[in-house]
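Heads up: the structure comes next, in structure tokens.
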Amino acid sequence: AFEPTVRDGKLYARGAADNKGEIAARLTAIRALRAVLGELPITLHWIIEGEEEIGSPHFGAIASTYASLLRADACFWEGEGFGPTGR
């Protein structure tokens, strides 16, 4: 069995650097900002979907259906891997 371990101050565990780790890091950053600023000066919308490993086949339909709710001035796209150019 794979057990989480800390070596040299770094966590090594399943999912520690996958989407769960990224989400946890962003939630922690938001919590820290709120501790300093109080209320955030922006509105945040989160979309977390679990089909990224298979190409998010349903995300286009979700985005089309809820486009008015997803309107934003900026976006962070969670992801890694290759873009259209293969890089």
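The values are calculated or read from the model by the stated rules, or taken from the named source; none is laboratory data. Just so we're clear, the structure is a prediction, and the values are computed from it rather than from any experiment. Quick reminder, even Gly has a Cβ in these numbers, built from the backbone with ideal geometry, and neighbours come from all protein chains shown.
Some points to look at:
- Among (1) part of a loop (DSSP other than H, G, I, E, B); (2) exposed (fewer than 10 other Cβ atoms within 10 Å of the Cβ); (3) at pLDDT below 90, the one test that Pro57 misses: (3)
For every residue, the table says whether it meets (1) in contact with an Asp or Glu (Cβ under 8 Å, 6 or more places away or on another chain); (2) exposed (fewer than 11 other Cβ atoms within 10 Å of the Cβ); (3) under 25 Å from Phe2 (Cα atoms); (4) at pLDDT below 90.
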site: Gly15; (1), (2), (3), (4): no, yes, yes, yes
site: Ala67; (1), (2), (3), (4): no, yes, no, no
site: Gly83; (1), (2), (3), (4): no, yes, no, yes
site: Arg87; (1), (2), (3), (4): no, yes, no, yes
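- Test: Glu49 is assigned to a loop (DSSP other than H, G, I, E, B), of a type in the set (Asp, Glu) and modelled with pLDDT of 85 or more: no
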